[in-house]
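Worksheet for the structure shown next.
The values are calculated or read from the model by the stated rules, or taken from the named source; none is laboratory data. The model shown is predicted, which means the values in this text are computed figures rather than measured ones. Cβ coordinates were reconstructed from backbone atoms using ideal geometry, including for glycine residues, and neighbour counts include every protein chain displayed. Heads up: the accessible areas ignore ligands, DNA and RNA and are worked out on the full protein's heavy atoms, side chains in. Shrake-Rupley method; radii C 1.70, N 1.55, O 1.52, S 1.80 Å.
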Amino acid sequence: MSRMRTFASRLLGLFRKRTGDANLDAELRAHLDALINENICRGMSVEEARFAARREFGGIEQAKEAYREQRGLPFVDTLLQDLRFAFRIFAKKPGFTTVAIATLALGIGANTAIFSVVHSVLLQSLPYPAADRLTVVWSTFSNEGRGPASGPELVYLRQRSRLFEEFGGIWAQSGALTGEGEPEHVRLGLVTPNFLSMLATKTQLGRFLLPEEQGTFSAKSIILSDALWRHRFGANPHLIGQSIRLNGHPVTVVGVLPPNFKIIFPEGSSVPPQMDAFVPFSSNLAQDAPDQNYIRVIGRLRKGATVPKAQAELDSIAAQLRSEFTVFSEQALGLQVVPLHGDVVRNVRPALLTLFGGVSLVLLIACANVANLLLSRANERRKEITLRTAVGAARGRVIRQLLTESILLSCFGGAAALVLGSWAMNLLWSLRPAGMESLATTALSLPVFGFTLALSLISGILFGLAPALGTTSLNLVESLKQSGRSLATARQRPRNILVTAEVALGFVLLAGAGLLLQTLASLLRVDPGFNSQHVMTVRLSASGVKYQTPEANVHFFRELQKNLSANNGIESVGVISHLPFDDTLPNWYSYYWREDAPKTEQNTVMADHRSSLPGYFQSLGAQFIAGRDFGAIDVEENRPIVIVDDNVASRTWPNSSAIGKKLSVENGNFVRDTVEVIGVVKHIQSHSLTDQVRGQIYLLYPRAVRAHMALTVKSSIDSQSLVSLIRGEVTKLDKDMPVYGILPMNDYVEKARRSARFTSTLAGIMAAIAVLLACTGIYSVASYSVLQRTGEIGVRMALGAKPAEIFAMIMRQSMLPVLVGVGVGLALSLGLTPLLSHLLFGVRPSDPLTIAAAGILLFGIGMLACYLPARRATQLDPIAALRYE
Amino acid sequence: MPLAPPRGEVLQGTLDLIVLKTLDALGPLHGYGIAQRVQQVSEDLLKLNQGTLYPGLLRLEQRGWITSKWGISDNNRKAKYYSLTRSGRKQLATETATWERMAGVISRLLGAEGA
């Protein structure tokens, strides 16, 4: 308590110096006067009295000094003194200060921005209760990697697992809200009753689902998202308990989720982040067919259970499943557990870490540049420092002062970096790739602020320490005697090393950015198997009471196609169940085999299944390799036919044409169908631009009726009038049919390139900053060396050296560290670029062209930066140069 | 940084105790008065540079044991008067107790050895 009080009082003392000093003076004077008076009373003369009083009192100045030290905080006092001095120095050299702060702001700001993303994506835990124990449980199949689970699997897991607290599951579907007002499509989550309570602590209104609400064949209870509750029901607080219509059936609203609730699932798991409503699974999961895999399973580990232990447990459960169910043993079913957060960021982590590494190189270059500036300033300040040392300043004291200056500088840089960084954060956020979409927004949070502060302090020490140590190690006598010329050559070496380092680091960044930019270029060139130009897509959901029979669905879509095509400017209209690069609906993939395949070859290979009507391939400009598209008569007669892609055709019939062959496929309602191949189409990239994940099978819509379909409309009409045209035609056929998901096909393709665009844009910006900094670094060192050698150049000229010789000498000397830097950078790049390999496409990590280009670019920039100072050297007037001091 | 040790190796704690005791016994006093009293009580055994008293006074004030106020001295001059606070009185009591215990121990020890 009394210590705190002392500290507070001392802190106050810092600011009350002037009045404090005056008071102390008055008090001491009063004391002395009293002593003198007393001495005079004892009979001394005034002189004697004064002298005796002084003796009795002791050193006045010492007493004052001790008093002042007691009053303030000596550490802070010294700091304030150094800061005041530093401010004065900076104000005297505004050019130097501005350049240094701008350089640091670039370096630190770039780090702040990237760190804000790293923090929000990789470091922050997901916004769920006990998020660190949440995992995703995937089913794995012999050939197909990981996928969703079936109902019996989930039930089995719940019964057997000891290490998991609970399991929940979701299947993302679509539904339509009908009844009062405009019909509206909703993203509907079919969930196990505990799913929502695993991801949210409480509802905003009402309650979560109850266990007994599952398996009632048609859902009776529904939970709404905050967004749906607000915009459709006007945030009505009395909605709980009321009945609304979902797909034409009445359901009771039992709860509303909190406003910030969203579902964060790994990319490619077909669970979109924003779902509108949730209903319990209508089936009793235990009675599902064991090979109907559609449930995305999450599990919460018990406290203390680890992922490896859980994996071991799941391995043994999978073995039990295989021995109890023949289907599972045929599929070679396995179970895999991964932490939810790790799985969500799996795709963005490498890119983010690469960018984080790159941006720290940028900071190093910035520090090297500022160190360079400080070194040239240190030479100018040598006299001042020598004088300080001469009058008794200890070396540590001088170093402390110089470090205070550099840290102050870097803190200014850090402050400017916060401004720059928050601007850059917005840029990053607008560029963010799909894998980051569902995560928290980046913001200038406390950890980001702390990171920036720490970075500022560290860089202040980093670039300040070497110049400080160098300047203070001077020999006093030498430096007082000499005015600096001979020292200059020796001092040039650390500056050259800094240039070499800058060029080498810049090389690495340039090479990396070059490779990433080439990746983006390859992605822009890559043929996705279709032409997205002038194709508009909309989504339609033909569900509810009007569409109880397959015929009703077929009739609706066929009429819509016919009516739309009759309009001027419409080239073709396709109908498809799944658009390429659209991850909002659960992917539909299943086993297929040729009709005559032996039992052992069935249930081994999967393909993406799509349901379509004639016109889809034409609207996307897909290429037929063999055979033909579906025709009107095929639809009318509901013929057992199918179109496959080249992947399926060559895998199933490697040595003969697929046309006319029979295939066993699954029709989307877990019923197998034997169909004849009538066409082979070139693979349409659907999940990524670069990987063919699976083969593709296109079923004829009447044989695989689905409610949720998309239109692909190729036309020459501008998109706004096209959309209203489509809306009009839909309303004419069914005034209750919602039209949603209106998006040009180009946007889907662009989405697939987002991740590459993100990394390459950022890497490009970093490389540009690095080159700019390296350029200024080289320039400043070269011009400084010309300045230092002015006298020597004068002598050479006086002795008959030609300007060309002087030019060559300066160029040679200034380019030497650049060349060494290029060499070191080359070696570093060859060592480091393989780390990029998983981010690259269409270019090898050691691509000689890219690396050579980086070298040549840096060399050219070095030449450019040295040219001006070298030319200045040739234009020196020898007389003036000789006199220069 | 700490208060320079007074002549005669007076420990800081001892000086604190003396100052507190002085203020307790005589009421508010200025620095000069305290210095006189210290020398008087110690019978000039503790010869201290009177200037060194002031950092010590400041320290006691910072701890909240004494307060100061400007006033007018007997010979009509402006002077800063120090007085004991409540927590200073408490501090004096504990320090006195500690000191007496200590002195008891020392004298017993010395007495035992002398015998």
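Could you work out how much longer the chain between A:LEU387 and A:PHE670 gets when fully extended? Use 0.36 nm per residue separation minus the Cα distance between them, nm to one decimal. Can you show the working numbers first?
Values: separation 283, 0.36 × 283 = 101.88 nm, distance 9.04 nm.
So the extension gain works out to 92.8 nm.
Would you work out if region A:231-347 is rounded, prolate or oblate? Take a ≥ b ≥ c from the square roots of the eigenvalues of the alpha-carbon gyration tensor; rounded if a/c is under 1.5, else prolate when a/b is larger than b/c, oblate otherwise.
Numbers: a/c = 2.61, a/b = 1.67, b/c = 1.57.
Judged from the Cα gyration tensor, region A:231-347 comes out prolate (a/c at least 1.5, a/b above b/c).
For an R0 of 51 angstrom, estimate the FRET efficiency from the Cβ-Cβ distance between A:LEU835 and A:ARG29 and round to the nearest 0.05.
Working: r = 74 Å, r/R0 = 1.44.
Here the calculated transfer efficiency is 0.10.
Over 16 Å apart: what share of the alpha carbon pairs of region A:257-319 falls there, rounded to a whole percent? Present the calculation step by step, with values, prior to reporting the outcome.
Details: 1310 of 1953 pairs.
Here the tail beyond 16 Å accounts for 67 percent of pairs.
Between 0 and 90 degrees, rounded to the nearest ten: what's the tilt of helix A:395-431 against the longest Cα principal axis of chain A?
Its long axis makes an angle of about 20 degrees.
Across the Cα atoms of region A:542-688, what radius of gyration and what greatest pairwise Cα-Cα distance (Dmax) are found, in Å?
16.0, 53
In deg cm²/dmol, rounded to 500, what helix-only [θ] at 222 nm does chain A give when every DSSP H run of at least 4 residues adds -39500 (n - 2.57) and the total is split over its residues?
When only DSSP H runs of four or more count, the value is -18000 deg cm²/dmol.
Among the DSSP beta bridges whose two residues both lie in chain A, what percent are antiparallel, rounded to the nearest 5?
80
In whole angstrom, how long is each semi-axis of the equivalent ellipsoid of region A:1-92, when you take the square root of 5 times every eigenvalue of its Cα gyration tensor and sort them from largest down?
Details: eigenvalues 262, 60, 20 Å².
Here the semi-axes work out to 36, 17, 10 Å.
Please name which of A:LEU826, A:ASN568, A:ASN39 has its Cα lying farthest along the dipole of the protein assembly as shown towards the positive end, using unit charges on Cβ (Lys, Arg +1; Asp, Glu -1) and the Cα centre as origin.
Positive-most Cα among the choices belongs to A:ASN39.
By how many nm would the segment from A:ILE856 to A:ALA286 lengthen if fully extended, with 0.36 nm per residue of separation less the alpha-carbon distance? Before the final figure, lay out each step's value.
Numbers: separation 570, 0.36 × 570 = 205.20 nm, distance 6.67 nm.
Difference between extended and current length: 198.5 nm.
Given a 1.4 angstrom probe, I'd like the percentage of the accessible area of region A:786-885 that is carbon and sulfur, rounded to a whole number. Working shown, then result.
Values: 3940 of 5550 Å².
C and S fraction of accessible area: 71 percent.
As a test of the definition: which semi-axes, in Å, follow for region A:104-216 when you take the square root of five times each eigenvalue of its alpha carbon gyration tensor? Largest first, please. Kindly include the intermediate steps, with their values, before the conclusion.
Details: eigenvalues 225, 116, 58 Å².
Semi-axes (√(5λ), whole Å): 34, 24, 17.
Calculate the spin-label point distance for A:THR731 paired with A:ALA394, positioning each point 7 Å from the Cα along the beta-carbon direction, and give it in nanometres.
It works out to 8.6 nm between the two label points.
Mind checking how much accessible area A and B bury in total, 1.4 Å probe, in Å² rounded to 100?
2400
Have a look at A:SER760, A:LEU858, A:SER814 and report the one farthest towards the positive end of the charge dipole of chain A, computed about the Cα centre with Cβ charges (Lys/Arg +1, Asp/Glu -1).
Of the listed residues, the answer is A:SER814.
Compute the Rg/Rh shape ratio of region A:108-160: radius of gyration over Kirkwood radius, all on alpha-carbon atoms.
Working: Rg = 18.0 Å, Rh = 14.6 Å.
Ratio of gyration radius to Kirkwood radius for region A:108-160: 1.23.
Taking 0.36 nm per residue of separation and subtracting the Cα-Cα distance, what length does fully extending A:ALA454 through A:ARG18 add?
Values: separation 436, 0.36 × 436 = 156.96 nm, distance 3.45 nm.
Contour length minus Cα-Cα distance gives 153.5 nm.
Would you give the gap between the C-alpha center of region A:245-317 and the C-alpha center of region A:713-729, rounded to a whole Å?
37
Calculate, axis by axis, the spread of Cα positions in region A:679-797 along the three principal axes, and write the results as whole Å, longest axis first.
95, 36, 23
For the charge dipole of the protein assembly as shown, defined by +1 on Lys and Arg C-beta atoms and -1 on Asp and Glu C-beta atoms about the Cα centroid, which residue among A:PRO258, A:LEU122, A:ASN284 has the Cα displaced farthest towards the positive pole?
Result: A:LEU122.
To the nearest 20 debye, what is the magnitude of the charge dipole of chain A about its Cα centre, counting +1 on the Cβ of each Lys and Arg and -1 on the Cβ of each Asp and Glu? Show your work: numbers first, answer last.
Values: 87 positive and 70 negative charges, 738 e Å.
My answer is approximately 3540 debye.
For region A:489-548, what is the Kirkwood hydrodynamic radius in Å, using each pair of distinct C-alpha atoms?
Details: mean 1/r = 0.0572 Å⁻¹.
That comes to 17.5 Å for region A:489-548.
Could you work out, residue by residue across A:583-591, how many beta carbons of other chains sit within 10 Å of that residue's beta carbon, and then give the average as an integer?
Working: counts 0, 0, 0, 0, 0, 0, 0, 0, 0.
Per residue, the number of nearby Cβ atoms from other chains is 0 on average.
Would you calculate the separation in nanometres between label points at A:GLU165 and A:ASN746, each defined as 7 Å from the Cα along the Cα-to-beta-carbon direction?
Placing both labels 7 Å along Cα→Cβ, they lie 4.9 nm apart.
Take the alpha-carbon centre of region A:542-612, take the same for region A:380-424, and report the distance between them in whole Å.
Between the Cα centre of region A:542-612 and that of region A:380-424, the gap is 69 Å.
Select from region A:23-41 all residues whose loss of accessible area on going from the chain by itself to the full protein assembly reaches 30 Å² or more (probe 1.4 Å).
Relative to the lone chain, where solvent access is computed with a 1.4 Å probe, region A:23-41 loses at least 30 Å² at A:ASN23, A:GLU27, A:ALA30, A:HIS31, A:ASP33, A:ALA34, A:GLU38.
Just to verify a number: what accessible area does A:GLU595 come out at with the full protein assembly present, 1.4 Å probe, Å² rounded to tens?
100
Using Cα atoms only, what is the angle between the long axis of helix A:17-41 and the major principal axis of chain A, expressed in degrees (0 to 90) to the nearest 10?
For helix A:17-41, the angle is close to 30 degrees.
Dividing the alpha-carbon radius of gyration of region A:168-250 by 2.2 N^0.38 Å (N being the number of residues), what value is obtained?
On the way: Rg = 12.7 Å, N = 83, 2.2 N^0.38 = 11.8 Å.
Compared with the compact-globule rule of thumb, region A:168-250 sits at 1.07.
Once neighbouring chains are kept in place and the probe is 1.4 Å, which whole percent of the accessible area of region A:57-115 is contributed by carbon and sulfur?
Details: 1730 of 2600 Å².
Carbon and sulfur atoms account for 67 percent of the accessible area of region A:57-115.
Could you state the per residue volume, in Å³, of the convex hull enclosing the Cα atoms of region B:45-87? Provide the component values of the computation, followed by the final result.
Details: hull volume 4.8 nm³, N = 43.
So the per-residue Cα hull volume is 113 Å³.
Give me the accessible area of A:VAL723, 1.4 Å probe, in Å² rounded to the nearest 10.
20
So if R0 is 25 Å, what FRET efficiency would A:ARG245 and A:SER197 give, r being the distance between their Cβ atoms, rounded to the nearest 0.05?
Details: r = 26 Å, r/R0 = 1.04.
Plugging the Cβ-Cβ distance into 1/(1 + (r/R0)^6) gives 0.45.
Which order do the peptides A:167-173, A:27-33 come out in when sorted by mean C-beta neighbours inside 10 angstrom, highest first? Let's see the in-between values first.
Numbers: A:167-173: 22.0, A:27-33: 19.4.
Top to bottom by mean Cβ count within 10 Å: A:167-173, A:27-33.
Compute, for region A:1-115, the length of the dipole vector about the Cα centre, with Cβ point charges of +1 (Lys, Arg) and -1 (Asp, Glu) only. Units Debye, rounded to 20. Present the calculation step by step, with values, prior to reporting the outcome.
On the way: 18 positive and 13 negative charges, 107 e Å.
Once rounded to the nearest 20, the dipole reads 520 debye.
Using only the Cα atoms of the protein assembly as shown, what are the Rg and Dmax in Å?
Cα only, the protein assembly as shown: 41.7, 138 Å (Rg, Dmax).
Would you mind computing, in nm to one decimal, how far apart the modelled labels at B:ILE72 and A:LYS546 are, each placed 7 Å from Cα along Cα→Cβ?
About 10.3 nm, to one decimal.
Solvent-accessible area of A:GLU61, probe 1.4 Å, all protein chains present, reported in Å² to the nearest ten, please.
Looks like 110 Å² after rounding.
Quick one: with all protein chains in place, what share of the accessible area of region A:704-778 is carbon or sulfur, to the nearest percent (1.4 Å probe)? If you can, show how the numbers build up before the last one.
Numbers: 1660 of 2870 Å².
Using a 1.4 Å probe with all protein chains present, region A:704-778 comes out at 58 percent carbon and sulfur.
Which value in Å is the Kirkwood Rh of region A:313-436 over different Cα pairs?
20.7
If you take the beta carbon distance between A:GLN720 and A:GLU212 as r and set R0 to 45 Å, what does 1/(1 + (r/R0)^6) give as a FRET efficiency, to the nearest 0.05?
Calculated transfer efficiency: 0.35.
Compactness ratio of region A:285-374: Cα Rg over 2.2 N^0.38 Å, N = residue count? Spell out each step's value before the answer.
Values: Rg = 23.1 Å, N = 90, 2.2 N^0.38 = 12.2 Å.
Normalised Rg, Cα atoms only: 1.90.
Shielding by partners for B:31-37, please: the mean number of other protein chain Cβ atoms within 10 Å of each residue's Cβ.
Numbers: counts 5, 11, 2, 1, 5, 3, 0.
Partner-chain Cβ atoms within 10 Å, mean over residues of B:31-37: 4.
Among DSSP beta bridges lying fully in region A:565-681, give the percent that are antiparallel, nearest 5. Can you show the working numbers first?
Working: 15 of 20 bridges.
Here the antiparallel bridges make up roughly 75 percent for region A:565-681.
Would you give the gap between the C-alpha center of region A:168-205 and the C-alpha center of region A:505-540, rounded to a whole Å?
Result: 36 Å between the Cα centres.
Roll a 1.4 Å probe over the protein chains and send me the accessible area per residue for the protein assembly as shown in Å². If you can, show how the numbers build up before the last one.
Working: 45240 Å² over 1000 residues.
I get 45 Å² per residue for this part.
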